[in-house]
Amino acid sequence: MARETTSKSSSRDYDDDSYEREYRSRHDRELKNRRDGGSCWPKFLVFLLFLGGGLGAFFGLIDLDTMEGWFGVGSGGGGGDNDGNSGGSGGGPAYNFNQCPDDGSECCNGLESNCDLRINEMLYATVHNANHDDLLVNNHDAPFEGSLDAGYRSLMFDVCRCDDNNGNAEIVFCHASCGIGERNPTEVFENVDKFLNDNPNEFIIFNFEMNRPDVNPPQQAELWDIVAKIDSFKKKIYNHSGNEWPTGRETIESGKRVFFFQHNGWYLCNTGNEAECNQRIENFHDYAIETDWAFGDIEEIENTATSCIGTRGELGSKDFYAINNFVTTFIGPSKFQAETLNSKDFALKRIEDCKSVTNLDANFLNVDFWQRGDIPEVAQIINIQRGQKNKRSLRRFLRWIRN
(Lines give C-alpha, C1' and ligand atoms only; values in the text may rest on other atoms or scores of the structure.)
Protein backbone atom coordinates (compact mmCIF):
# COMPACT_ATOMS: atom_id res chain seq x y z
CA MET A 1 0.00 0.00 0.00
CA ALA A 2 1.32 3.44 -0.87
CA ARG A 3 2.87 5.40 1.93
CA GLU A 4 0.68 8.28 3.07
CA THR A 5 2.29 11.59 3.81
CA THR A 6 1.03 14.91 4.99
CA SER A 7 2.00 17.97 3.00
CA LYS A 8 3.81 20.69 4.89
CA SER A 9 3.02 23.26 2.23
CA SER A 10 2.43 26.69 3.66
CA SER A 11 -0.24 27.66 1.13
CA ARG A 12 -3.42 28.67 2.88
CA ASP A 13 -6.66 26.76 2.31
CA TYR A 14 -9.61 28.79 1.13
CA ASP A 15 -13.17 27.91 0.42
CA ASP A 16 -14.34 29.43 -2.85
CA ASP A 17 -16.33 32.27 -1.24
CA SER A 18 -13.67 33.45 1.19
CA TYR A 19 -10.98 33.25 -1.51
CA GLU A 20 -13.12 35.30 -3.87
CA ARG A 21 -13.88 37.92 -1.21
CA GLU A 22 -10.23 38.27 -0.22
CA TYR A 23 -9.04 38.45 -3.82
CA ARG A 24 -11.65 41.02 -4.87
CA SER A 25 -11.04 43.14 -1.78
CA ARG A 26 -7.30 43.22 -2.38
CA HIS A 27 -7.77 43.85 -6.08
CA ASP A 28 -10.16 46.77 -5.45
CA ARG A 29 -7.78 48.32 -2.92
CA GLU A 30 -4.88 48.12 -5.33
CA LEU A 31 -6.89 49.60 -8.19
CA LYS A 32 -7.83 52.51 -5.92
CA ASN A 33 -4.22 52.99 -4.84
CA ARG A 34 -3.15 52.93 -8.48
CA ARG A 35 -5.71 55.56 -9.45
CA ASP A 36 -4.95 57.79 -6.45
CA GLY A 37 -1.22 57.49 -6.96
CA GLY A 38 -1.50 58.18 -10.67
CA SER A 39 -3.27 61.48 -10.10
CA CYS A 40 -0.54 63.09 -7.98
CA TRP A 41 2.81 61.50 -8.92
CA PRO A 42 4.76 63.44 -11.53
CA LYS A 43 5.68 61.28 -14.48
CA PHE A 44 9.39 61.88 -14.04
CA LEU A 45 9.20 60.56 -10.46
CA VAL A 46 7.56 57.36 -11.69
CA PHE A 47 10.28 57.03 -14.31
CA LEU A 48 13.04 57.54 -11.74
CA LEU A 49 11.43 55.03 -9.39
CA PHE A 50 11.19 52.46 -12.15
CA LEU A 51 14.76 53.09 -13.26
CA GLY A 52 16.09 52.94 -9.72
CA GLY A 53 14.07 49.85 -8.94
CA GLY A 54 15.26 48.15 -12.11
CA LEU A 55 18.89 48.84 -11.29
CA GLY A 56 18.33 47.78 -7.69
CA ALA A 57 16.76 44.51 -8.77
CA PHE A 58 19.51 43.94 -11.31
CA PHE A 59 22.16 44.23 -8.61
CA GLY A 60 20.11 42.26 -6.10
CA LEU A 61 19.32 45.25 -3.84
CA ILE A 62 15.54 45.31 -4.43
CA ASP A 63 13.25 42.31 -4.71
CA LEU A 64 10.81 42.08 -7.62
CA ASP A 65 7.97 41.60 -5.14
CA THR A 66 8.70 45.10 -3.86
CA MET A 67 8.74 46.56 -7.37
CA GLU A 68 5.46 44.90 -8.24
CA GLY A 69 3.95 46.44 -5.14
CA TRP A 70 5.24 49.90 -6.12
CA PHE A 71 3.69 49.76 -9.56
CA GLY A 72 0.49 47.98 -8.59
CA VAL A 73 1.02 44.97 -10.85
CA GLY A 74 0.89 42.37 -8.12
CA SER A 75 -2.87 42.13 -7.65
CA GLY A 76 -4.09 38.76 -6.55
CA GLY A 77 -0.79 37.51 -5.19
CA GLY A 78 0.26 36.65 -1.68
CA GLY A 79 2.91 38.73 -0.05
CA GLY A 80 4.60 36.20 2.20
CA ASP A 81 7.07 33.42 1.58
CA ASN A 82 5.62 30.14 0.37
CA ASP A 83 7.69 27.05 1.05
CA GLY A 84 5.48 24.60 -0.80
CA ASN A 85 8.33 23.29 -2.98
CA SER A 86 11.23 24.25 -0.73
CA GLY A 87 11.90 24.83 2.92
CA GLY A 88 11.24 21.36 4.29
CA SER A 89 13.30 19.90 7.09
CA GLY A 90 16.93 19.57 6.10
CA GLY A 91 16.43 22.03 3.25
CA GLY A 92 14.49 19.56 1.09
CA PRO A 93 11.03 20.01 -0.45
CA ALA A 94 8.22 20.52 2.06
CA TYR A 95 5.96 18.14 0.11
CA ASN A 96 7.05 14.53 -0.29
CA PHE A 97 6.49 13.86 -4.00
CA ASN A 98 7.53 10.22 -3.65
CA GLN A 99 4.39 8.31 -2.64
CA CYS A 100 5.82 4.92 -3.63
CA PRO A 101 5.02 1.73 -1.69
CA ASP A 102 7.32 0.92 1.19
CA ASP A 103 7.76 -2.69 0.05
CA GLY A 104 9.81 -1.72 -3.01
CA SER A 105 7.15 -2.74 -5.54
CA GLU A 106 6.76 -0.92 -8.84
CA CYS A 107 6.38 2.83 -8.89
CA CYS A 108 6.35 5.42 -11.69
CA ASN A 109 7.00 9.13 -11.15
CA GLY A 110 6.20 8.92 -7.48
CA LEU A 111 3.01 6.84 -7.64
CA GLU A 112 2.23 3.15 -8.02
CA SER A 113 -0.94 3.99 -9.96
CA ASN A 114 1.03 5.96 -12.58
CA CYS A 115 2.46 2.68 -13.85
CA ASP A 116 -0.91 1.79 -15.41
CA LEU A 117 -1.49 5.23 -16.92
CA ARG A 118 -0.16 6.16 -20.33
CA ILE A 119 2.26 9.04 -20.68
CA ASN A 120 -0.50 11.22 -22.13
CA GLU A 121 -2.89 10.37 -19.29
CA MET A 122 -0.80 11.93 -16.52
CA LEU A 123 -0.43 15.50 -15.31
CA TYR A 124 3.11 16.91 -15.12
CA ALA A 125 4.21 19.84 -12.99
CA THR A 126 6.11 21.87 -15.60
CA VAL A 127 8.89 24.45 -15.19
CA HIS A 128 8.38 27.21 -17.77
CA ASN A 129 11.63 28.75 -19.10
CA ALA A 130 13.56 26.42 -16.82
CA ASN A 131 16.92 27.89 -17.84
CA HIS A 132 16.14 31.41 -16.64
CA ASP A 133 16.94 31.97 -12.97
CA ASP A 134 19.18 35.02 -13.28
CA LEU A 135 18.94 38.76 -14.04
CA LEU A 136 16.01 41.13 -13.66
CA VAL A 137 13.32 39.38 -15.70
CA ASN A 138 13.99 35.91 -14.34
CA ASN A 139 11.29 33.23 -14.36
CA HIS A 140 12.68 31.45 -11.29
CA ASP A 141 14.73 32.17 -8.19
CA ALA A 142 16.75 28.96 -8.24
CA PRO A 143 18.21 26.57 -10.84
CA PHE A 144 15.82 24.02 -12.29
CA GLU A 145 17.80 21.09 -10.83
CA GLY A 146 16.10 21.66 -7.48
CA SER A 147 12.70 21.42 -9.14
CA LEU A 148 13.39 17.78 -10.01
CA ASP A 149 13.79 16.96 -6.33
CA ALA A 150 10.55 18.85 -5.65
CA GLY A 151 8.62 16.71 -8.16
CA TYR A 152 8.57 18.68 -11.41
CA ARG A 153 8.72 16.19 -14.28
CA SER A 154 8.47 18.45 -17.32
CA LEU A 155 10.97 21.15 -18.32
CA MET A 156 10.75 23.91 -20.94
CA PHE A 157 13.94 25.41 -22.39
CA ASP A 158 14.52 28.14 -24.99
CA VAL A 159 17.14 27.16 -27.58
CA CYS A 160 19.36 29.86 -29.10
CA ARG A 161 22.41 30.11 -31.32
CA CYS A 162 24.92 32.49 -29.73
CA ASP A 163 28.57 33.39 -30.16
CA ASP A 164 31.03 31.93 -27.69
CA ASN A 165 34.03 33.80 -26.26
CA ASN A 166 35.95 33.14 -29.48
CA GLY A 167 33.21 34.42 -31.77
CA ASN A 168 32.11 30.95 -32.85
CA ALA A 169 28.41 30.09 -33.00
CA GLU A 170 27.17 27.56 -30.46
CA ILE A 171 23.84 26.23 -29.25
CA VAL A 172 22.85 27.40 -25.76
CA PHE A 173 19.71 27.67 -23.69
CA CYS A 174 18.73 31.31 -23.27
CA HIS A 175 15.60 33.39 -22.84
CA ALA A 176 14.86 34.83 -26.29
CA SER A 177 18.19 36.69 -26.48
CA CYS A 178 21.80 35.65 -26.00
CA GLY A 179 23.19 36.51 -22.59
CA ILE A 180 19.81 36.30 -20.82
CA GLY A 181 19.09 33.20 -18.78
CA GLU A 182 21.89 31.25 -20.45
CA ARG A 183 22.58 27.62 -19.54
CA ASN A 184 24.95 25.17 -21.15
CA PRO A 185 22.91 22.32 -22.73
CA THR A 186 25.61 19.74 -22.00
CA GLU A 187 25.54 20.64 -18.32
CA VAL A 188 21.73 20.54 -18.28
CA PHE A 189 21.53 17.13 -19.95
CA GLU A 190 24.26 15.67 -17.75
CA ASN A 191 22.50 16.89 -14.61
CA VAL A 192 19.17 15.41 -15.71
CA ASP A 193 20.93 12.18 -16.65
CA LYS A 194 22.42 11.97 -13.15
CA PHE A 195 19.01 12.57 -11.60
CA LEU A 196 17.50 9.76 -13.66
CA ASN A 197 20.35 7.41 -12.77
CA ASP A 198 19.78 8.17 -9.10
CA ASN A 199 15.99 7.79 -9.51
CA PRO A 200 15.34 4.80 -11.79
CA ASN A 201 11.53 4.99 -11.46
CA GLU A 202 11.24 8.54 -12.80
CA PHE A 203 10.88 9.96 -16.31
CA ILE A 204 11.18 13.51 -17.66
CA ILE A 205 9.56 15.40 -20.56
CA PHE A 206 11.45 18.21 -22.32
CA ASN A 207 9.80 20.88 -24.46
CA PHE A 208 12.29 23.03 -26.39
CA GLU A 209 11.30 26.38 -27.83
CA MET A 210 13.49 26.99 -30.87
CA ASN A 211 14.28 30.70 -30.87
CA ARG A 212 13.62 32.18 -34.31
CA PRO A 213 15.75 35.20 -35.19
CA ASP A 214 15.55 36.63 -38.67
CA VAL A 215 18.75 34.88 -39.71
CA ASN A 216 20.51 31.68 -38.77
CA PRO A 217 18.02 30.13 -36.32
CA PRO A 218 19.06 27.11 -34.21
CA GLN A 219 18.37 23.70 -35.70
CA GLN A 220 17.02 20.60 -33.98
CA ALA A 221 19.90 18.59 -35.41
CA GLU A 222 22.42 20.86 -33.67
CA LEU A 223 20.67 20.24 -30.38
CA TRP A 224 20.72 16.52 -31.05
CA ASP A 225 24.45 16.63 -31.75
CA ILE A 226 24.94 17.77 -28.16
CA VAL A 227 22.76 14.95 -26.83
CA ALA A 228 24.62 12.38 -28.95
CA LYS A 229 27.85 13.14 -27.10
CA ILE A 230 26.30 12.08 -23.78
CA ASP A 231 25.89 8.39 -24.46
CA SER A 232 24.05 7.37 -21.29
CA PHE A 233 21.57 10.21 -21.76
CA LYS A 234 21.09 9.54 -25.47
CA LYS A 235 20.13 5.93 -24.71
CA LYS A 236 17.27 7.18 -22.53
CA ILE A 237 15.56 9.19 -25.31
CA TYR A 238 12.21 7.77 -26.41
CA ASN A 239 11.45 7.42 -30.13
CA HIS A 240 7.72 7.68 -30.77
CA SER A 241 6.36 5.22 -33.35
CA GLY A 242 3.13 7.10 -33.93
CA ASN A 243 1.06 4.50 -32.09
CA GLU A 244 -0.23 4.72 -28.52
CA TRP A 245 2.03 6.39 -25.99
CA PRO A 246 3.61 3.94 -23.52
CA THR A 247 2.39 3.42 -19.99
CA GLY A 248 4.48 4.46 -17.05
CA ARG A 249 5.40 0.81 -16.53
CA GLU A 250 6.49 0.36 -20.15
CA THR A 251 8.52 3.56 -19.94
CA ILE A 252 10.42 2.41 -16.85
CA GLU A 253 10.97 -1.11 -18.14
CA SER A 254 12.24 0.07 -21.54
CA GLY A 255 14.71 2.52 -20.03
CA LYS A 256 13.46 5.19 -22.49
CA ARG A 257 12.71 7.68 -19.75
CA VAL A 258 13.25 10.99 -21.57
CA PHE A 259 10.74 12.47 -24.02
CA PHE A 260 11.80 15.28 -26.37
CA PHE A 261 9.41 17.80 -27.94
CA GLN A 262 10.07 21.12 -29.65
CA HIS A 263 7.98 24.00 -30.91
CA ASN A 264 8.65 27.00 -33.16
CA GLY A 265 11.14 24.97 -35.18
CA TRP A 266 8.63 22.94 -37.18
CA TYR A 267 8.98 25.11 -40.28
CA LEU A 268 12.61 24.08 -40.68
CA CYS A 269 11.41 20.65 -41.81
CA ASN A 270 9.54 22.15 -44.74
CA THR A 271 12.15 24.39 -46.32
CA GLY A 272 14.73 21.96 -47.63
CA ASN A 273 16.26 21.26 -44.24
CA GLU A 274 14.60 17.89 -43.66
CA ALA A 275 17.92 16.18 -42.87
CA GLU A 276 18.43 18.54 -39.94
CA CYS A 277 15.21 17.53 -38.19
CA ASN A 278 15.85 14.55 -35.97
CA GLN A 279 12.98 12.17 -35.38
CA ARG A 280 13.73 11.86 -31.67
CA ILE A 281 12.61 15.46 -31.20
CA GLU A 282 8.87 15.46 -31.88
CA ASN A 283 6.89 18.53 -32.93
CA PHE A 284 4.99 19.40 -29.77
CA HIS A 285 1.89 20.87 -31.39
CA ASP A 286 1.45 17.85 -33.64
CA TYR A 287 0.45 16.04 -30.45
CA ALA A 288 -0.50 18.77 -27.98
CA ILE A 289 -2.96 21.63 -27.85
CA GLU A 290 -1.79 24.57 -25.75
CA THR A 291 -3.49 27.60 -24.23
CA ASP A 292 -2.43 31.20 -24.69
CA TRP A 293 0.55 32.30 -22.62
CA ALA A 294 0.41 36.12 -22.67
CA PHE A 295 -1.48 36.85 -19.47
CA GLY A 296 -0.98 40.25 -17.84
CA ASP A 297 -2.74 39.50 -14.55
CA ILE A 298 -4.64 36.84 -12.66
CA GLU A 299 -8.00 38.13 -13.83
CA GLU A 300 -7.08 37.26 -17.42
CA ILE A 301 -6.30 33.70 -16.34
CA GLU A 302 -9.55 33.49 -14.36
CA ASN A 303 -11.44 34.30 -17.57
CA THR A 304 -11.58 30.63 -18.51
CA ALA A 305 -13.63 31.26 -21.64
CA THR A 306 -10.44 32.56 -23.23
CA SER A 307 -7.56 31.38 -21.00
CA CYS A 308 -8.39 27.66 -21.36
CA ILE A 309 -8.91 27.62 -25.12
CA GLY A 310 -6.10 26.16 -27.20
CA THR A 311 -4.36 28.67 -29.45
CA ARG A 312 -1.68 26.31 -30.81
CA GLY A 313 -2.02 22.68 -31.81
CA GLU A 314 -5.70 22.90 -32.76
CA LEU A 315 -5.08 20.74 -35.85
CA GLY A 316 -2.92 18.14 -34.09
CA SER A 317 -3.92 14.87 -32.46
CA LYS A 318 -4.54 16.54 -29.06
CA ASP A 319 -2.94 13.63 -27.22
CA PHE A 320 -1.77 16.20 -24.66
CA TYR A 321 -3.28 19.40 -23.27
CA ALA A 322 -0.93 22.12 -21.96
CA ILE A 323 -2.22 24.86 -19.67
CA ASN A 324 -0.10 27.98 -19.20
CA ASN A 325 -0.45 29.31 -15.66
CA PHE A 326 1.87 32.29 -15.25
CA VAL A 327 1.64 36.07 -15.46
CA THR A 328 4.07 38.40 -17.22
CA THR A 329 3.75 42.08 -16.34
CA PHE A 330 5.51 45.02 -17.96
CA ILE A 331 8.41 44.50 -15.54
CA GLY A 332 8.69 40.78 -16.26
CA PRO A 333 7.44 37.45 -14.85
CA SER A 334 5.36 38.04 -11.75
CA LYS A 335 6.76 36.33 -8.68
CA PHE A 336 4.14 38.08 -6.56
CA GLN A 337 1.21 36.64 -8.50
CA ALA A 338 2.85 33.21 -8.76
CA GLU A 339 2.12 32.90 -5.04
CA THR A 340 -1.57 32.57 -5.90
CA LEU A 341 -1.24 30.91 -9.31
CA ASN A 342 0.91 28.09 -7.92
CA SER A 343 -1.22 27.48 -4.84
CA LYS A 344 -3.03 24.17 -4.56
CA ASP A 345 -6.54 25.61 -4.47
CA PHE A 346 -6.05 27.91 -7.44
CA ALA A 347 -4.29 25.30 -9.59
CA LEU A 348 -6.84 22.56 -8.90
CA LYS A 349 -9.68 24.94 -9.73
CA ARG A 350 -7.95 26.07 -12.94
CA ILE A 351 -7.52 22.47 -14.09
CA GLU A 352 -11.15 21.71 -13.29
CA ASP A 353 -12.42 24.88 -14.98
CA CYS A 354 -10.40 24.20 -18.13
CA LYS A 355 -11.75 20.64 -18.20
CA SER A 356 -15.28 22.08 -18.11
CA VAL A 357 -14.51 24.47 -20.97
CA THR A 358 -12.56 22.13 -23.26
CA ASN A 359 -13.47 18.60 -22.10
CA LEU A 360 -9.72 17.91 -22.06
CA ASP A 361 -7.63 16.49 -19.22
CA ALA A 362 -4.60 18.65 -18.48
CA ASN A 363 -1.19 17.07 -18.99
CA PHE A 364 1.12 20.05 -18.48
CA LEU A 365 0.63 22.87 -15.99
CA ASN A 366 3.33 25.38 -16.93
CA VAL A 367 4.42 27.73 -14.14
CA ASP A 368 7.05 30.31 -13.22
CA PHE A 369 8.83 30.45 -9.84
CA TRP A 370 8.72 26.73 -9.22
CA GLN A 371 9.73 27.13 -5.57
CA ARG A 372 6.46 28.83 -4.78
CA GLY A 373 3.20 26.97 -4.29
CA ASP A 374 2.12 23.36 -4.53
CA ILE A 375 2.27 22.31 -8.19
CA PRO A 376 3.95 18.89 -7.69
CA GLU A 377 1.36 18.08 -5.03
CA VAL A 378 -1.39 19.13 -7.43
CA ALA A 379 0.04 16.75 -10.04
CA GLN A 380 -0.02 13.86 -7.58
CA ILE A 381 -3.59 14.63 -6.46
CA ILE A 382 -4.81 14.63 -10.06
CA ASN A 383 -2.80 11.54 -11.02
CA ILE A 384 -4.15 9.59 -8.04
CA GLN A 385 -7.67 10.45 -9.18
CA ARG A 386 -6.90 9.37 -12.74
CA GLY A 387 -5.33 6.13 -11.52
CA GLN A 388 -8.44 5.31 -9.51
CA LYS A 389 -10.65 6.08 -12.49
CA ASN A 390 -8.46 3.88 -14.70
CA LYS A 391 -8.79 0.96 -12.26
CA ARG A 392 -12.56 1.34 -12.18
CA SER A 393 -12.66 1.30 -15.97
CA LEU A 394 -10.49 -1.83 -16.03
CA ARG A 395 -12.75 -3.61 -13.54
CA ARG A 396 -15.83 -2.76 -15.62
CA PHE A 397 -14.11 -4.09 -18.73
CA LEU A 398 -13.13 -7.34 -17.02
CA ARG A 399 -16.69 -7.85 -15.77
CA TRP A 400 -17.93 -7.26 -19.33
CA ILE A 401 -15.49 -9.88 -20.65
CA ARG A 402 -16.55 -12.44 -18.03
CA ASN A 403 -20.21 -11.91 -18.83
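The values are calculated or read from the model by the stated rules, or taken from the named source; none is laboratory data. Owing to the predicted nature of the structure, the values given are computational and were not obtained by experimental measurement. Cβ atoms come from the backbone with ideal geometry, glycine included; neighbour counts cover every protein chain shown. Note: accessible area is taken over every heavy atom of the protein model, side chains too, but ligands, DNA and RNA are not part of it. Shrake-Rupley method; radii C 1.70, N 1.55, O 1.52, S 1.80 Å.
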Percent antiparallel among DSSP beta bridges (both partners in region 112-402, rounded to 5): 30 percent
Starting from the residue with the highest accessible area, list V192, V357 in decreasing order, probe 1.4 Å. V357, V192
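Over region 112-402, what is the relative contact order in percent, taking alpha-carbon pairs closer than 8 angstrom and at least six residues apart? Before the final figure, lay out the partial values.
Details: 550 pairs, mean separation 64.8, N = 291.
22 percent.
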Can you give the accessible area of T358 in Å² (nearest 10), computed on protein heavy atoms with a 1.4 Å probe? 40 Å²
With every protein chain in place, what's the accessible area of T329 (1.4 Å probe, Å², nearest 10)? 20 Å²
Testing the spin-label approximation: label points 7 Å from Cα along Cα→Cβ at A221 and D102. State their distance in nm. 5.5 nm
Over region 112-402, with every protein chain in place, what whole percent of the accessible area is carbon and sulfur at 1.4 Å, could you tell me? 47 percent
Could you sort K256, K229 by their accessible area in this structure, using a 1.4 Å probe and putting the largest first? K229, K256
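So, for region 112-402, what is the accessible surface per residue at a probe of 1.4 Å, expressed in square angstrom?
Values: 12110 Å² over 291 residues.
Per-residue value: 42 Å².
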Förster radius 51 Å - calculated FRET efficiency between S254 and E299 (Cβ-Cβ, nearest 0.05): 0.70
Simple spin-label estimate for S241/S317, 7 Å along Cα→Cβ, in nm, reads 1.2 nm
For the pairs K194/K349; K194/K236; K194/K235; K344/K391; K355/K391; K344/K389, note any where the Cα-Cα span goes beyond 23 Å. K194/K349; K344/K391
Accessible surface of I384 in the full protein assembly, 1.4 angstrom probe, to the nearest 10 Å²? 70 Å²
